[in-house]
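A.B. asks: One structure follows; several queries about it will come next.
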Amino acid sequence: MYQTNTKFKRFNIVLRLLKILVFCLINTAIFVDVSCQSAPLKNNITEMNNENFDVQKTDGEWKSQLSDFEYEVLRNKATERPYTSEYETFWDEGIYVCKGCGAELFESKTKFDAGCGWPSFYQSIDKKAVKEILDTSHGMVRTEVVCAKCGGHLGHVFNDGYGQPTGLRYCINGISLGFKKKEK
Ligand SMILES: [Zn+2]
């Protein structure tokens with residue numbers, strides 16, 4: 001009797017663990033599906049080719065111009081940790097520029113609080129200011145956004161800009177950006 005009870009208890013524990021595992025897997029699948037809906041490529045270039053950009057610099061030149069982390073994000077496509085950018089909760093009027101080359105990229109009036117931890121915009125200052133690239137890294141299909149002038153990595157664009165005029169969310173690393181305050 002004792003043995004049967006122990007077996008039954010073990011069976012119940014295994015069953016409970018399995019239920020938790022299935023629950024987690026389903027939730028993860030839903031989360032990935034919702035959070036990583038990639039926006040359709042528009043003015044896309046299918047692969048990153050540095051020859052497509054006006055500003056041409058060697059790795060050494062970029063390294064001497066940028067801080068270590070700016071280089072990692074802009075030139076090696078690293079991502080800053082969420083909620084760490086000075087621009088995440090910054091609402092001054094002006095224009096956001098590329099930290100790599102100074103090109104104007106986004107206007108403050110298109111910035112919104114997406115609650116995702118990164119500065120978010122619903123459109124770029126001009127369609128030609130950024131280029132979009134198919135990004136299949138990390139097991140996801142995403143649309144990468146780079147500066148059209150220097151190819152610097154900015155972030156990604158998603159279809160979940162809910163309530164925004166374009167329905168898009170340009171999710172941008174604040175460290176890739178500089179800011180020009182609007183002159184009064
Ligand atoms: Zn640039």
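The values are calculated or read from the model by the stated rules, or taken from the named source; none is laboratory data. All figures in this text were calculated on a predicted structure; none of them were measured in a lab. In this analysis, Cβ positions are derived from the backbone assuming ideal geometry, glycine residues included, and neighbour counts consider all displayed protein chains.
A.B. asks: Consider PHE31 against the criteria (1) modelled with pLDDT of 95 or more; (2) out of contact with any Cys (no Cβ under 6 Å at 6 or more places or on another chain): it satisfies all of them except one. Which criterion is unmet?
C.D. replies: Of the numbered conditions (1) modelled with pLDDT of 95 or more; (2) out of contact with any Cys (no Cβ under 6 Å at 6 or more places or on another chain), the odd one out for PHE31 is (1).
A.B. asks: Another question, if that's okay. Would you check if ILE125 is β-branched (Val, Ile, Thr), out of contact with any Cys (no Cβ under 9 Å at 6 or more places or on another chain) and away from the ligand (no atom under 13 Å from the Cβ)?
C.D. replies: So ILE125 fails the test.
A.B. asks: Residues of region 158-172 being of a type in the set (Phe, Trp, Tyr), part of a loop (DSSP other than H, G, I, E, B) and surrounded by 15 or more Cβ atoms within 10 Å (Cβ to Cβ), which ones?
C.D. replies: Initial filter on region 158-172 (of a type in the set (Phe, Trp, Tyr)): 158, 162, 170.
Remaining after also requiring part of a loop (DSSP other than H, G, I, E, B): 162.
Once the filter is applied, which keeps residues that are of a type in the set (Phe, Trp, Tyr), part of a loop (DSSP other than H, G, I, E, B) and surrounded by 15 or more Cβ atoms within 10 Å (Cβ to Cβ), region 158-172 yields nothing.
A.B. asks: In the list VAL55, VAL73, which residue meets the criterion of being under 12 Å from ILE172 (Cα atoms) and either of a type in the set (Val, Ile, Thr) or surrounded by fewer than 12 Cβ atoms within 10 Å (Cβ to Cβ) (or both)?
C.D. replies: Only one candidate passes the filter, namely VAL73.
A.B. asks: Among the numbered criteria (1) at positive phi; (2) out of contact with any Pro (no Cβ under 7 Å at 6 or more places or on another chain), which single criterion is violated by GLY117?
C.D. replies: Just one mismatch for GLY117, condition (2).
A.B. asks: So which residues in region 79-119 are among the small types (Gly, Ala, Ser), in a loop (DSSP other than H, G, I, E, B) and more than 16 Å from the ligand (Cβ to nearest atom)?
C.D. replies: Within region 79-119, SER85, ALA114, GLY115, GLY117 qualify.
A.B. asks: Every residue in region 128-153 that is within 27 Å of THR89 (Cβ to Cβ), more than 16 Å from the ligand (Cβ to nearest atom) and either not in a strand (DSSP E or B) or not assigned by TED's automatic domain parsing to the domain that holds GLY167 (or both), please.
C.D. replies: HIS138, MET140
A.B. asks: Could we say that ASN43 is more than 25 Å from GLU183 (Cβ to Cβ) and at pLDDT below 95 here?
C.D. replies: yes
A.B. asks: Going by the conditions given, is ILE175 in the same structural domain as LYS63 (by TED's automatic domain parsing) and in a strand (DSSP E or B)?
C.D. replies: No; evaluated as a whole, the condition is false for this residue.
A.B. asks: Look at region 125-184 and say how many of its residues are more than 13 Å from the chain's Cα centre (by Cα), closer than 16 Å to SER108 by Cα and aromatic (Phe, Trp, Tyr).
C.D. replies: Residues flagged as more than 13 Å from the chain's Cα centre (by Cα), closer than 16 Å to SER108 by Cα and aromatic (Phe, Trp, Tyr) within region 125-184 amount to 1.
A.B. asks: Which pairs turn up if I take residues in region 52-67 that are assigned by TED's automatic domain parsing to the domain that holds ALA78 and look for partners that are away from the ligand (no atom under 12 Å from the Cβ) and among the aliphatic types (A, V, I, L, M) with beta carbon separation below 7 Å, at least 6 apart in sequence or on another chain?
C.D. replies: Qualifying pairs under 7 Å: ASN52/ILE45.
A.B. asks: For region 102-119, which residues satisfy the criterion of being loosely packed, with under 15 Cβ neighbours inside 10 Å and closer than 16 Å to CYS147 by Cβ?
C.D. replies: GLY102
A.B. asks: Need the failing condition index for ILE125 against (1) β-branched (Val, Ile, Thr); (2) closer than 22 Å to LYS181 by Cα; (3) in a strand (DSSP E or B), just the number.
C.D. replies: ILE125 satisfies all of (1) β-branched (Val, Ile, Thr); (2) closer than 22 Å to LYS181 by Cα; (3) in a strand (DSSP E or B) except (3).
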